[in-house]
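Peer 1: What follows is a single structure, and I will ask about it in a moment.
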């Protein structure tokens with residue numbers, strides 16, 4: 001992986017991590033188009049640069065993360081813990097199969113297209129927005145949102161899309177569903193990244209460490225912009241445009257696989 005490869009992949013991560021279009025799927029496609037060899041470090045890099053995206057959420061919503069520490073009201077943290085447990089358990093149990101799916105561009109193409117059709121109609125499915133603040137989210141509701149997030153263990157599904165849909169299914173407003181998805185990303189991605197770093201730290205040489213640092217810095221900057229854009233866009237336009245994008249991107253990827261440009 002070259003320096004330019006690392007920067008490009010990090011930009012893709014920053015843009016796509018919090019949009020409902022699948023960051024993992026886009027990074028897999030990007031790596032294949034760039035011709036980046038699949039090594040222990042490249043696999044670690046793909047997961048590790050999520051730290052930059054996590055930091056973007058904490059910086060943008062730092063008051064929300066700090067407030068419970070100041071007031072002693074731990075409900076916010078408890079809801080995140082409850083919501084993150086299903087994905088952590090299933091991710092640990094099926095980590096080997098998930099890693100194998102990360103090599104499959106065909107899986108990404110199929111899930112991109114299927115997810116796109118779902119997003120075309122999702123605004124019609126869940127129109128009841130009775131929950132407007134995080135304090136109104138119940139513990140069972142948080143757990144159900146966490147179950148929805150588990151679908152994103154399949155590459156191409158989009159963790160953001162799955163958890164936002166889960167929030168809307170629990171009658172959260174679109175804005176709150178998106179923001180809770182961002183909050184939930186912090187423990188989910190931190191745990192996944194920490195686990196991967198623990199297992200693969202031996203693949204990080206001095207040169208790789210520089211790529212890792214640059215990748216996280218770029219992902220952080222781009223993610224800050226992407227989050228601000230997404231919240232405003234979602235409230236005004238909904239998910240339809242993202243649905244069309246996923247379908248078109250999935251069809252293009254499928255065509256590249258069938259023509260042999262990208263290995264499926």
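Peer 1: Taking every alpha carbon pair in the chain, what does the distance histogram look like in 5 angstrom bins from 0, in percent?
Peer 2: Once binned at 5 Å, the Cα pair distances of the chain give 1, 6, 13, 18, 20, 18, 12, 7, 3, 1, 0, 0.
Peer 1: Let me ask another. Quick one: if you stick a label point 7 Å off each Cα along the C-beta vector at residue 71 and residue 135, how many nm between them?
Peer 2: A separation of 0.5 nm, rounded to one decimal place.
Peer 1: Can you run the Rg to Rh ratio on region 136-225? Use alpha carbon positions and the Kirkwood inverse-distance Rh.
Peer 2: Ratio of gyration radius to Kirkwood radius: 1.07.
Peer 1: Specify the angular offset, from 0 to 90 degrees and rounded to the nearest 10, of the alpha carbon long axis of helix 3-16 from the longest principal axis of the alpha carbons in the chain.
Peer 2: 30 degrees
Peer 1: Here is a follow-up. Most mobile of 21, 58, 252 per a Gaussian network model of the chain (Cα springs, under 10 Å)?
Peer 2: In the Gaussian network model the winner is 252.
Peer 1: Going by alpha carbons, how many degrees (0 to 90, nearest 10) lie between the helix axis of 206-237 and the longest principal axis of the chain?
Peer 2: Between helix and principal axis, roughly 40 degrees.
Peer 1: For the chain, what is the mean residue ellipticity at 222 nm derived from helices alone (per DSSP H run of n ≥ 4: -39500 (n - 2.57); sum divided by total residues; nearest 500 deg cm²/dmol)?
Peer 2: -25500 deg cm²/dmol
Peer 1: Okay, next question. Take the alpha carbon gyration tensor of region 44-138, find the square roots of its eigenvalues, order them as a ≥ b ≥ c, and report rounded if a/c is under 1.5; if not, report prolate when a/b exceeds b/c, else oblate. Can you show the working numbers first?
Peer 2: On the way: a/c = 2.06, a/b = 1.35, b/c = 1.53.
Oblate shape, in that a/c is at least 1.5 and b/c is the bigger or equal ratio.
Peer 1: Please give the peptides 243-251, 123-131 ranked by average Cβ packing (other Cβ atoms within 10 Å per residue), highest first, as a rough proxy for protection.
Peer 2: For the peptides 243-251, 123-131, the packing ranking is 243-251, 123-131.
Since every read-out is calculated from the coordinates, none of them should be taken as a lab result. As the structure is a computational prediction, the values presented were derived from the model and not from experiment. Ideal geometry is used to build each Cβ from the backbone, glycine not excepted, and the neighbour counts take in all protein chains shown.
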